[in-house]
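Remarks on the structure that follows.
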Amino acid sequence: MSLTRRSDIAIRPARWIPLYVALLCAVACAETLKLDERPAQPGEWGYRPADASVSATDPPAFSWRPAGGLKWEIECVREGASADIAYRASDVEFNVHCPPRIFGPGQYTWRYRGIDKEGNCTNWSQSRTFTIAPDAAKMPLPAREELLARIPRTHPRLFLRPENLPKLRALAQGEMKAQYEGLVKQCEQILADPPPTAEPPTYPPEMERKSEEWRLMWWGNRTYTIKALNSAATLAFTRLLGGQEKYGREAKRILLECANWDPKGSTGYRYNDEAGMPYNYYFSRTYSFVNDLLSDDEKEACRKVMKVRGDEMYQHLCPRHLWQPYASHSNRAWHFLGEVGIAFLGEIDAADDWVWFATNVFFNVYPVWSDDDGGWHEGSSYWSSYIDRFTWWADVMREAMGIDAY
C-alpha cells in the first residue's frame, strides 16, 4: 500500500508556483511590442553583464538599450540550483538596474523586457549568462525609498550630517587645528576683499563663438562664479566649525546676491556649463551650511532658482547619460546634480529624482573608461581633475546616504 506523506502534500504544489506565476504573467502581459535588441554602437554603454562575462561586483549592474515610453522588468536565474527565479525586478524606471541585495558567487542568466503604460509587453530579450566572482566587491544599491530616507531632513547635509557637527568642532580645536586655522585665514582674507557679486555678462551678439575674445569671457565667467560662491561656501563651512557669525552673515549675503542671477543667463548650465556647474554645487553647499540663518522667504528664493538650474541639468543628462555616458563634461555634471538634489531634497519637488538618477549613474555606468582597469581617455590631466571632483561626491554619498565608494 502506497502512503502519501503530509510533507509531500505541502511540497508538491510549491514546485508548480513559478510555472503558475509565469502563466499568469503571460496572460496579463501579451507580447504586442517588439523589443529593440540592436547591438550597442560606439559611444553606447552596451548590454551588461555581457554574455560569458565575469562581474567584479555583487550584485552586477544591469544595462540594456533604452526605449521611450517603457518601464522594465528583469529576471535572473541561478544556474545549477533550480529553475526558480533568483531575482526579479519590475517597474524599473531606467534602462539600468542595480539590485538592492547580494546574489552570492556563482553563474547566473538574465533577461529583460519592456512594458508600456497600457500594460503591453515586449518579447523577452535574449538570455545572457555571467559569473559573479567569489571576491566580487559587494555593491548593492538600496531601493529608492530606503536610499532617500537615509538623507537628513535638516541641514547641513553635504559633506557632514547635523549629528556629526560636535565631532568636527572638536577636531577643529584638536588634532586638525592647523587645517581649521588655514580655513580661518582664508575667511579673513575674503572679508578683507569680498568677491564681486554682480551678474557676469552674456556674450555680445556679434562675438564669434570660440574666438579668443569668446574664450576669455567663457572661462572668465567660470572663475568669477567660483570666486564668489566658493568664498561663500568656505565662509559658511568655517562658521559651522568655529561659530563666527560674521562669516555666516557674509556667506548669506553672497548667496542671496548670486540667487538674483538669471538661472538661464550667463551662468546657466546649457549656456556655459563651465560657469553653471560650479554655480550649482557651490550654491547648494552654501545653502545647506547657512540654512539656519535664512528666513523662509530667503530659502524660497534659493529653491526657486535651483529648481530651474537643477531641472536644466537633469533634462540634459537623464536618461541620455545612462546609455551614452562618454560625454566629457557630463561625467562630472551628473554628481554635481546629485549634490543639488541632496541639498534640496524635500524642498524642491524634483530633487528626489536628481538624487536617484545620480546614484544610478554611480552604481551602473561609472567609471566609463578602460573597464575594470579604470582610466581616462583625455589624458592624465583630465583623469586627475575628474577623479578629484568625484571624491567630493564620494564624500557626500558616504555622509548623506551611508554609501562608501572607497
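Set the Förster distance to 35 Å, then compute FRET efficiency between ARG253 and ILE387 from the Cβ-Cβ distance, nearest 0.05. Please report the intermediate quantities before stating the final value.
Working: r = 34 Å, r/R0 = 0.96.
The pair ARG253/ILE387 has a calculated efficiency of 0.55.
For segment 33-140, what's the relative contact order in percent, using C-alpha pairs closer than 8 Å and at least 6 residues apart?
36 percent
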Requested in this report: Please give the helix 17-28 orientation as an angle from the longest Cα principal axis of the chain, in degrees from 0 to 90, rounded to the nearest 10.
Outcome: 70 degrees
Query - Segment ASP193-ARG169, length gained on full extension (0.36 nm per residue, minus Cα span) - result: 6.0 nm
Requested in this report: Pop out the ³J(HN,Hα) list for segment 399-406 in order, Karplus 6.51 cos²θ - 1.76 cosθ + 1.60 with θ = phi - 60°, rounded to Hz; leave Gly and Pro as x.
Outcome: 6, 7, 10, x, 9, 9, 7, 7
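Over the chain, what relative contact order in percent results from Cα pairs under 8 Å that are six or more residues apart? Intermediate results must be reported in sequence, preceding the final value.
Details: 613 pairs, mean separation 63.2, N = 406.
Rounded, it is 16 percent for the chain.
Only four residue types carry charge here, +1 at the Cβ of Lys and Arg and -1 at the Cβ of Asp and Glu. Report the dipole size of segment 145-401 about the Cα centre in Debye, rounded to the nearest 20.
Values: 30 positive and 37 negative charges, 101 e Å.
Charge dipole, segment 145-401, about its Cα centre: 480 debye, nearest 20.
Calculated FRET efficiency, GLN315 and ASP292, Cβ-Cβ r, R0 41 Å, to nearest 0.05?
Numbers: r = 32 Å, r/R0 = 0.78.
E(calc), rounded to 0.05, equals 0.80.
Return an integer: the convex hull volume of the alpha-carbon atoms of the chain, in Å³ per residue. The partial results should precede the final answer.
On the way: hull volume 83.8 nm³, N = 406.
Per residue, the Cα convex hull of the chain comes to 206 Å³.
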Report task. Using Cα positions and a limit of under 16 Å, work out the aspartates and glutamates in reach of LYS117, with same-chain residues fewer than 8 apart set aside. Result -> GLU31, GLU73, ASP91, GLU93
Query raised in the report: Can you run phi through the Karplus equation (6.51, -1.76, 1.60; θ = phi - 60°) for segment 261-269 and list ³J(HN,Hα) in whole Hz, with x for Gly and Pro?
Result: 5, 5, x, 10, x, 5, 10, x, 4
Query raised in the report: Residue by residue, what Karplus-based ³J(HN,Hα) values in Hz, rounded to whole numbers, does segment 385-394 have, using 6.51, -1.76 and 1.60 with θ = phi - 60° and x for Gly and Pro?
Result: 5, 6, 5, 4, 5, 4, 4, 4, 5, 4
Report summary line: The pairs in LYS264/LYS307; LYS210/LYS307; LYS252/LYS304; LYS252/LYS299; LYS71/LYS138 lying past 20 Å Cα-Cα in this model are LYS210/LYS307; LYS71/LYS138
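Since every read-out is calculated from the coordinates, none of them should be taken as a lab result. Quantities reported herein were computed from a predicted structural model and do not represent experimental measurements. For neighbour counting, all protein chains shown are included, and Cβ atoms are generated from backbone atoms with ideal geometry for every residue, glycine included.
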